[in-house]
Amino acid sequence: AVGTTTATKAATAKKAQSVESQSFAVNMFKGQINPSQVFPFPSVMNEEQTQFLQELVPPVSKFFEEVNDPAKNDSLEKVEDSTMESLKEMGAFGLQVPQDLGGVGLTNTQYARLVEIVGQHDLGVGITLGAHQSIGFKGILLVGSPAQKEKYLPKLATGETLAAFCLTEPASGSDAASIKTLATLSPCGKHYILNGGKIWISNGGLAEIFTVFAKMPMMDEKTGQMKDKITAFIVERSFGGVTHGPPEKKMGIKASNTAEVYFENVPVPIENVLGEVGGGFKVAMAILNNGRFGMAAALSGTMKGVITQAVDHAANRVQFGSKIHTYGAIQEKLARMTMLQYVTESMAYMISGNMDSGSKDYHIEAAISKIFASTDILWLFPVVCIQGSGVERVMRDLRIFRIFEGTNDILRLFVALNGFQDAGKHLKSLQKALKNPLGNAGLLAGEITKRAKRSVVCKITIGQHNVMYEQFVLKRVADSAIDLYAMVVVLSRASRSLSQGHASAQHEKILCETWCIEAYDRIMKNVKDLKSSSTTQVFKNMKAISAAVVENGGIVAPHPLGF
């Protein structure tokens, strides 16, 4: 069961709380549903914050529309130097760094709005900026000491120095516990000596500051035995012993820099431990959990840009005497594209709003938003993907988002395993708690929760130690949770539009209603599958087919012609 170690550790790192969680998704599994966590749709910016953001959006949009050249960046396989300098002047490298440390000091919601603009125009630039501040130095921002923040954040915020996040290794991807990079305390006790290598590091060839995760032998207080634990370090290239390989040749996000990074006897001062010694796993999870909502925001912008091109194509291309937007097949595609964008955008701003309201427990929602935003995004490409339109580049750029910051397969396990901590105890209370202003409460109540509870409880009885490896089950539990959360956020957003009398309210009502009808059917199918003996047989058959193909080194069945 590849990759379950990290998902399991992440799911069990946070123990069940006796008080109600601030996370709607956590409470959705536990049955402690509080509608106030999602209704009304969050509006968290004060007047000053709103005005500041309104002043930022036009020049940022204009820059990406008129100055930045995504096709040229893609062709050069780097962000143009002039573009990098302009981004630095705009403060784009320190959007959430406090102003007193040289940054712009944006809230999560303000950050999401600007990231959305970047995602709409150039994902390659987006990765350069995101690898720097969403994960590269985010650990310093989240858990760094005052001295670490004062030392590093000012230059990072201005883009004078770039940052990179170094976790993945040749033998360690989703299973972070298997990293080989080693940190040992020097004889003088003033440094850790770092040795190892990291792969697929965004900004790896550009960065001067690295957040590096390494294992250390430590005494286990419970067993009294030595045990390897992960620690996070702030590493400067100037320490010596830090090198990188050539830029990777990639299918997409070519404008971003991706390289291997090597550490050979790098002396890291003990004061450069990030967080606690042995607490690196928690640091990594905090960084990744905090940044995932930004990915949903960026991809909602990407969707918006592609939809504009698709609509232009459909409204102007004529086939069989009619514009193609009049045909049902195209109408369905345009409708699905629009629904996907609406849900993704709603998730991003629901989560950012909750974070800005003080919620610290948003890890499941953030994972859901990342999975949702990146899984079905290829639905957005019904138009001809010729290179001149720019859509072909976007299509190539998008593929990596299923892998970035936790693969979607592993994040599904993360969502389900978190839910399994308390699943099946009180799910039926969802029926009473969710009051749907659009009159579709039945979609989120009654049958869904009753059937889901029975199915999940049934599956949990296979034993806590085994359930982590029943990935056929976990995937369907996660997909149902994703659909249910998606239903809730669009209900909340559409309800707000109706109550405030927005001009788009009826359109949003239709989007919401259509999404919920189909999501309900998907949830019911997953619930049915979890109870079905025929589906259980299908799971067994899939295991057998996979095992046979692996054992044979490829296809088992002979060619139909016999040679």
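Quick note: the coordinates plus some simple rules give every number you see, no bench work behind them. Bear in mind the structure is a predicted one, so any value in this text is a computation, not a measurement. Here Cβ is always computed from backbone atoms with ideal geometry, including for glycine, and neighbour counts include all displayed protein chains.
Taking amide hydrogens as placed 1.01 Å from N in the peptide plane, the amide H of T258 sits under 5 Å from those of N203, E248, each at least 5 positions away in sequence or on another chain.
Magnitude of the charge dipole for region 245-291, about its Cα centre and with charges confined to Cβ atoms of Lys, Arg (+1) and Asp, Glu (-1), is about 340 debye. Of the residues L101, L76, L484, L561, the one with the fewest other Cβ atoms within 10 Å heads the list, and the complete ranking is L561, L76, L101, L484.
Cα gyration tensor of region 58-184, axes a ≥ b ≥ c as square roots of the eigenvalues: rounded (a/c below 1.5), prolate (a/b > b/c) or oblate? Note, shape of region 58-184 comes out oblate.
Return a single number: how many Lys pairs in region 151-287, at a sequence separation of 8 or more or on separate chains, have alpha-carbon atoms below 16 angstrom apart. Taking region 151-287 as the scope, the lysine pair count is 9. A dipole drawn for region 30-159 from +1 and -1 charges on Cβ atoms has a positive end, and of N108, Q37, G126 the residue lying farthest that way is Q37.
For region 187-337, a crude dipole built from +1 on the beta carbon of Lys and Arg and -1 on the beta carbon of Asp and Glu, taken about the Cα centre, is about 680 debye to the nearest 20.
For region 132-209, the residue among A157, T184, I135 whose Cα projects farthest onto the positive side of the dipole built from Cβ charges is T184. Give me the distance between the Cα centres of region 239-313 and region 42-101, rounded to whole Å. Going from one Cα centre to the other spans 18 Å. Within 14 Å, Cβ to Cβ, of M251, how many net charges do the neighbouring residues add up to if Lys/Arg are +1 and Asp/Glu are -1? Counting the neighbours of M251, the net charge comes to +2. In a reduced charge model with +1 at each Lys and Arg Cβ and -1 at each Asp and Glu Cβ, the chain shows a dipole moment near 2200 debye about its Cα centre. Projecting the Cα atoms of S202, L561, L167 onto the charge dipole of the chain (Cβ charges, centred on the Cα centre) puts L561 farthest toward the positive pole. Among the DSSP helices (H) of the chain, those spanning at least 27 angstrom by Cα along their long axis with an average Kyte-Doolittle hydropathy of -0.5 or more are 280-316, 328-356, 471-500, 533-552; this is a geometric and hydropathy rule only. Only one of the values (i) 19, 51, 23, 5, 1, 0; (ii) 20, 53, 26, 1, 0; (iii) 19, 36, 23, 15, 6, 1 was calculated from this structure for P(r) over Cα pairs in 20 Å bins from 0, in percent; name its label. Computed from these coordinates, P(r) over Cα pairs in 20 Å bins from 0, in percent corresponds to label (ii). Per-residue ellipticity at 222 nm, computed for the chain from helices alone with -39500 (n - 2.57) per DSSP H run of at least four residues, works out to -16500 deg cm²/dmol. When you restrict to C-alpha pairs under 8 Å that are six or more residues apart and normalise by the size of region 235-274, the relative contact order lands at 48 percent.
In terms of packing, defined here as the mean over residues of other Cβ atoms within 10 angstrom, the peptides 106-119, 135-148 line up highest first as 106-119, 135-148. In the chain, Cα pairs under 8 Å separated by at least six residues give a relative contact order of 17 percent.
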